[in-house]
Amino acid sequence: MDIGILGGSFDPIHNGHLHMAVSAYRSFLLDQVWLMPAGHSPNKDEAGMTGALQRYRMCELAASTYDWLTVSRLELDSAETSYTYRTLEKLKKQYPAEHFYFIMGGDSLDYFESWKHPETIAKLCTVLVIPRDRFDIPALEEKIKKLEQLFPCDIRMVSCDRYPVSSTEIRAKLLRGEETEEEIPQKVLTYIREQGLYRVR
């Protein structure tokens, strides 16, 4: 099977994340896409993050609308730092017959060479890049060429519209009590309110 992996803190998961998953799924005819909530993220302050179980549950609710979208606990159940290369090594060991596609935003591609063992990531999967606001297509294509000169990699652009929304902005809106119905799946928003997350009342 061809399986897309979309990782992130998902704090909270929003329609921009789902747009990335749907775009990759349709563009490359993937069989499944797995949401991969980060456990111990190397780039986030865990003390300021919503609990792992709540982030996982929000992903479950968001994924429930799509029969090809599911949620993996691989990083959440690991005591190790959630480095992408480790995650892919574990996935390839558990599922050696599957081909994995790692889905990332263009903003992440911009500093991909500074990730932990990017050459290992590129060896274990095809990288799918979703255009983001600050990076136009020619700039991303140029970045891909530079990365191809650094190490063997298969990096492909996903043709889709841009979806300008971020979890940081959404948390700020929720804190201010502003409407977020167009940015968060309704099931997730209901859960956020029920749990009192992000100071929503």
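The values are calculated or read from the model by the stated rules, or taken from the named source; none is laboratory data. Everything numeric here is computed off the predicted structure, so don't read it as measured data. For neighbour counting, all protein chains shown are included, and Cβ atoms are generated from backbone atoms with ideal geometry for every residue, glycine included. SASA here: full protein model, heavy atoms, side chains in, ligands and nucleic acids out. Shrake-Rupley method; radii C 1.70, N 1.55, O 1.52, S 1.80 Å.
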Area of Cys160 that stays accessible when all protein chains are in place (1.4 Å probe, Å², to 10): 40 Å²
Accessible-area value, Asp2, 1.4 Å probe, nucleic acids and ligands omitted, Å²: 50 Å²
Residue separation between Val22 and Asp107 times 0.36 nm, minus their alpha-carbon distance, gives in nm 28.7 nm
Taking a ≥ b ≥ c as the square roots of the Cα gyration tensor eigenvalues, with a/c under 1.5 meaning rounded and otherwise prolate when a/b beats b/c, else oblate, which class fits region 2-100? oblate
Under the Kirkwood approximation for Rh and a Cα-based Rg, what ratio Rg/Rh is obtained for region 1-60? 1.01
Could you calculate the contour length gain from Lys187 to His40, that is, 0.36 nm times the residue separation minus the distance between their Cα atoms, to one decimal place in nm? 50.3 nm
Hull-based mean projected area of region 119-190, where the convex hull spans the alpha carbons, in square nanometres: 6.8 nm²
On a 1.4 Å probe surface of the protein chains, which of Asp110, Asp11 comes out largest in accessible area, and what is the full order? Asp110, Asp11
Measure nothing but the geometry: give the 0 to 90° angle between the long axis through the Cα atoms of 137-150 and the longest principal axis through the Cα atoms of the chain, rounded to 10°. 50 degrees
When the chain is fully extended, how far beyond the present Cα-Cα distance does Met157 get from Gln94, taking 0.36 nm per residue of separation? 20.0 nm
Would you calculate the convex hull of the Cα atoms in region 67-114 and tell me its volume per residue in Å³? 118 Å³
Could you give the angle, 0 to 90 degrees to the nearest 10, between helix 15-27's Cα long axis and the longest principal axis of the Cα atoms of the chain? 40 degrees
Go through region 79-156 and name the trypsin sites (Lys or Arg not before Pro) that are in a DSSP coil and have 12 or fewer other Cβ atoms within 10 Å of their Cβ. Lys116, Arg134
Per Stokes-Einstein, at 37 °C and 0.692 mPa s, what whole-number D in µm² s⁻¹ belongs to the chain, with the Kirkwood radius over Cα pairs as the hydrodynamic radius? 189 µm²/s
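Which chymotrypsin sites (Phe, Trp or Tyr not before Pro) from region 92-201 combine a DSSP loop assignment with at most 15 other Cβ atoms within 10 Å?
Here the chymotrypsin sites (Phe, Trp or Tyr not before Pro) that fit, given the DSSP loop and packing criteria, are Tyr111.
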Distance between the C-alpha centers of region 127-168 and region 171-201? Whole Å please. 30 Å
Just read off the accessible area of Leu140 with the full protein assembly in place, 1.4 Å probe, to the nearest 10 Å². 0 Å²
For the chain, what is the accessible area per residue in Å² when the probe is 1.4 Å? 52 Å²
Using only Cα atoms, find the angle between the long axis of helix 186-195 and the longest principal axis of the chain, and express it within 0 to 90 degrees, rounded to the nearest 10. 60 degrees
